[in-house]
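See below for the structure under consideration.
What follows draws every value from the coordinates through simple rules; no lab data is involved. Just so you know, these numbers come straight off a predicted model, no measurement behind them.
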Amino acid sequence: MRLFVSVDLPESLVESVRALQAEFADADGLDFVDPAQAHVTLKFLGEVEESAYAETAGAVERAVERSRVGPFDAAFGGLGVFPSLDYVSVLWLGIGSGAVELAALHEAVERECVAAGFDPAGNEFTPHVTLARMKHGGGKELVQRLVRERDPDVGTARVTDVRLTESTLTHEGPEYETRERFALGK
């Protein structure tokens, strides 16, 4: 099974994310993420054998406990791209308040998962929600312009848990299923 660790956006922000994506509708080459599946990835784990699932879930549970992060509010706003405005691969929504807590959760998950045998992350953690992936550069100029000009405020949400999510790849795109939720410190 293909797994990742995430903080999911609540349903209350789905329409705001959809409206933001609509501003980029004329950008040829963008493949939009389903706003109902929007999330902040804390760590992508990749393929995990069923026999290793319990150990994996245990590592995530320990990470959440050891992070000492309690429930917090996260503000979703601002835009960015990976790797750069010159070469756009991913269009993303940023995090204002709550970014420190998300970084702490990421660090704890990274530490526990690497100790459990997963590969370390190959890049620096930037808390974000992927809005779209760019398949080709046809609409790059529109993306560049909107990222420079827009500073959207999508909304604030209360973060109360971290999820271990299974991703199944289909012809219509990935389908996500929450396997477990780990409540943030009381």
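Take every pair of alpha-carbon atoms less than 8 Å apart whose residues are at least six positions apart; their mean separation over the length of the chain yields a relative contact order of 35 percent.
Axis of helix 99-115 versus longest Cα principal axis of the chain: the two differ by about 50°, to the nearest ten degrees. Note on the chain: with a GNM built from Cα contacts shorter than 10 Å, the maximum mean-square fluctuation among 56, 168, 126 falls on 168. Could you work out how far helix 53-67 tilts from the main Cα principal axis of the chain, as a 0 to 90 degree angle to the nearest 10? Value to nearest ten degrees: 80. Size estimate for segment 2-183 follows the Kirkwood approach: the inverse of mean 1/r over distinct Cα pairs works out to 17.0 Å.
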